[in-house]
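Peer 1: Below is a structure I'd like to ask you about.
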């Protein structure tokens, strides 16, 4: 369990989210829809109705105006239950953007109209800088690959890289915006490539010096938030994988006793538990230091993501091993959690790319270590 | 305690450390020990030892959060930890928990000041992982125990004034039920210490022989024959509380390594490795916050202590393994010219780090504890 000293709400939200998902994911129509297409409109509506997207929304827009720590429990629950949906995009990225945008009217209207928004950020997949969206002659060009739930979105919150990173809104239905669905192994996250070819857009910031710096700071905060909350989501998914493997080891018998009585299995599971607990502690550290200065926030979120990337994958592989042959089948559902962490592992950097990123900062210059 | 008060404490620790010039540590074990003893004494005089220990016993009466802040600031300043590690972090907490008023009055102040250094007489030649099979005997004669037997791998015994000894006081009871926890003066006749040279070349740990050593009954800690519970308490602290301190030491080593790398030419592969080690140390820092929370809530010992121990050992071995790899072909014969890396120290640290998955209960013992007591898997026995 992730415990955040700074928030009284995180646990409550997590418990409420788990209760809702427990009920909804067990409903036959929703299960059938998820199995067929990986998407369920009624499921997403229940999430919206439950107010998950309002937790971080500023109070003047009808939200609760709470922070990352408060909302984090929802991500752990979403990871545990494999909720498909643009949760980070609408529950975190949109509130962060609208709260600091200097041209917020368009986005405010979209929020009021319950429009579904996906974040389109080339950094999420480590896409080459020169292919990411740019503005030329007042129009949007370029592409973003691996946009989560891109196909289910009405609008895109687009990170434009040049010259400084900023945020604009683009309408999915307008000319110059095209969508190419990717085939995905992850049942809980459909991915698409979005191409902008002279599309119209609505800026969220004015084109002046003060706003440029402000926009760049918002993009940095948004990317830190993504690293941290995807870590929380991985922690939830990996927790499910570990718990399933432990339960299975207690029930499955070979040689006349539960396989969990054998030291080889015990030590494998204990190693996974140690890794999992380290991940949960790293998420706590990131959440608890969220409101410190940007450099500490960046380091805490980034290290949490590196740990999550490695641990999620390792726990998935170990859980499969403990289950044996049954976990190698499509019919047995364990693979859905395993593949889900693979999808998140590389999002905003895996342990290798982050090690290089941090290592270059550390070697290159004086850098606040701890 | 409010966060602003903690931050003020952090600021005062930082400025004290900046003004106090932590000592350079010589390679030579003897000289290093002397420097560390002196530093311990300086720290105590300035109120930085026993931060979370009761004020009436010579501590500062503050919280474990305060103690952690000083550990972190010491690491930031590159300052060593006080010399008396076993007393402060391993035996001391058990003394505080189980000691009588008289025992506390006698032992705590010199333990904190570093005037009396402690060691921990647990392992024996035939009782390593299976600690409860220990054979050192203590027979009660009037008001004295007569102690006979042998301990081994006793760290810093040669420098110690006192030893926390586990001895069998009731040979008729099942393994862990007849053990008592005795506080033994190392100057008592019949105590012999023989240092053992380790793979690092240092002689930090020792064999300790007890031949009819007379220990006053008043030096029994906790109940007669009830020492096993105390031993588990001590080991719990060795696995979690000591980890807080050891992490700070690793951060100092990391900082030194990074400083050396910055002075030299390094390729991209160095950045990846040094970044990965940094992530691991940050994970240990995250775990240490949980250890503090558990200690504050009185949740020691806990199977989560074993999680800390496992993570710390892995982290230590990864860090020094990374450093060793940077020496390239010169791993066993480090260069002394043309490099900013302190090869000799790196090799010693690497070799020393191999003990991290052995002492305080081996990695395999910790894994079994986690499996059985945390995950609830069936016991094998």
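Every number in this text was worked out from the coordinates using simple rules, so none of it is lab data. The shown structure was predicted, so the numbers you read here are calculated from the model rather than taken from an experiment. So basically every Cβ, Gly included, is an ideal-geometry build from the backbone, and we count neighbours across all protein chains shown.
Peer 1: Would you calculate the volume per residue, in Å³, of the smallest convex hull containing every Cα atom of chain A? Working shown, then result.
Peer 2: Values: hull volume 53.1 nm³, N = 370.
In chain A, the Cα hull volume divided by residue count equals 144 Å³.
Peer 1: Then there is this: What list do you get for A:132, A:103 if you sort them by fewest beta carbons within 10 Å? Write out the running numbers ahead of the final one.
Peer 2: On the way: A:132 21, A:103 15.
Fewest-to-most Cβ neighbours within 10 Å comes out as A:103, A:132.
Peer 1: Still on this structure: Set the Förster distance to 35 Å, then compute FRET efficiency between residue B:262 and residue A:164 from the Cβ-Cβ distance, nearest 0.05.
Peer 2: 0.75
Peer 1: Under a crude label model (7 Å from the Cα following the beta-carbon direction), how far is residue B:329 from residue A:114 in nanometres?
Peer 2: So the label points at residue B:329 and residue A:114 sit 7.1 nm apart.
Peer 1: Among B:257-267, B:88-98, what's the highest-first ranking by average C-beta atoms within 10 angstrom per residue?
Peer 2: With the highest mean Cβ count within 10 Å placed first, the list reads B:88-98, B:257-267.
Peer 1: Nearest 10 degrees, 0 to 90: what angle lies between the long axis of helix A:351-364 and the longest principal axis of chain A (Cα atoms)?
Peer 2: 60 degrees
Peer 1: On average over all directions, what projected area in square nanometres does the stretch B:118-225 have, based on the convex hull of its Cα atoms?
Peer 2: Hull-based average projected area comes out at 6.5 nm².
Peer 1: Rounded, prolate or oblate: which one fits the stretch A:1-81, using the alpha carbon gyration tensor with axes a ≥ b ≥ c (rounded when a/c is under 1.5, else prolate when a/b beats b/c, else oblate)? Before the final figure, lay out each step's value.
Peer 2: Details: a/c = 2.87, a/b = 1.61, b/c = 1.78.
Verdict is oblate for the stretch A:1-81.
Peer 1: State, to one decimal in nm, how far the label point of residue A:154 lies from the label point of residue B:297, with both points 7 Å from Cα in the Cβ direction.
Peer 2: Calculated label separation equals 4.3 nm.
Peer 1: Tell me the angle of helix B:303-326 to the major Cα principal axis of chain B, expressed in degrees between 0 and 90 and rounded to the nearest ten.
Peer 2: 40 degrees
Peer 1: What value, in deg cm²/dmol to 500, does the helix sum -39500 (n - 2.57) over DSSP H runs of n ≥ 4 give at 222 nm once divided by the residues of chain B?
Peer 2: Calculated mean residue ellipticity at 222 nm is -15000 deg cm²/dmol.
Peer 1: Here is a further query. To the nearest 0.05, what FRET efficiency results for residue A:200 and residue A:48 with a Förster distance of 35 Å applied to their C-beta separation?
Peer 2: 0.85
Peer 1: What ranking of A:156, A:9, A:255, B:107 emerges when the number of other C-beta atoms within 10 Å of each C-beta is taken as an exposure proxy, fewest first?
Peer 2: A:255, A:9, B:107, A:156
Peer 1: Can you give the three extents of the C-alpha atoms in the stretch B:229-374 along their principal axes, from longest to shortest, in whole Å?
Peer 2: Computed over the stretch B:229-374, the largest-to-smallest principal extents equal 54, 25, 21 Å.
Peer 1: Can you give me the pair-distance distribution of the protein assembly as shown, C-alpha pairs, 20 Å bins, whole percents?
Peer 2: Values per bin, smallest distances first: 15, 44, 30, 9, 1.
Peer 1: Averaging over all projection directions, find the projected area of the Cα convex hull of chain B and quote it in nm² with one decimal place.
Peer 2: 20.1 nm²
Peer 1: With a ≥ b ≥ c taken as the square roots of the eigenvalues of the C-alpha gyration tensor of the stretch B:4-83, please select rounded if a/c is under 1.5 and otherwise prolate if a/b is larger than b/c or oblate if it is not? Working shown, then result.
Peer 2: Details: a/c = 2.47, a/b = 1.51, b/c = 1.63.
Oblate, because a/c is 1.5 or more while a/b does not exceed b/c.
Peer 1: Given the stretch B:172-218, what whole percent of its Cα pairs are spread farther than 14 Å? Mind showing how you got there, number by number?
Peer 2: Working: 701 of 1081 pairs.
Counting every Cα pair in the stretch B:172-218, those more than 14 Å apart make up 65 percent.
Peer 1: Related question: Counting other beta carbons within 10 Å of each residue's own, what order do B:206, A:283 fall into, fewest first?
Peer 2: In order of increasing Cβ crowding within 10 Å: B:206, A:283.
Peer 1: 7 Å from Cα along Cα→Cβ at both residue B:139 and residue B:30: what's the point-to-point distance in nm?
Peer 2: Modelled inter-label distance: 4.0 nm.
Peer 1: Based on the inverse mean of 1/r over its pairs of different Cα atoms, what is the Kirkwood hydrodynamic radius of the stretch A:1-157, in Å?
Peer 2: Final number for the Kirkwood radius of the stretch A:1-157 is 16.9 Å.
Peer 1: Rounded to the nearest 0.05, what FRET efficiency do residue A:36 and residue A:251 give with R0 = 41 Å and r taken as the Cβ-Cβ distance? Could you check?
Peer 2: For residue A:36 and residue A:251, the calculated efficiency is 0.85.
Peer 1: To the nearest 10 degrees, how steep is helix B:227-239 against the longest Cα principal axis of chain B, on a 0 to 90 scale?
Peer 2: So the helix axis and the longest Cα principal axis differ by about 0 degrees.
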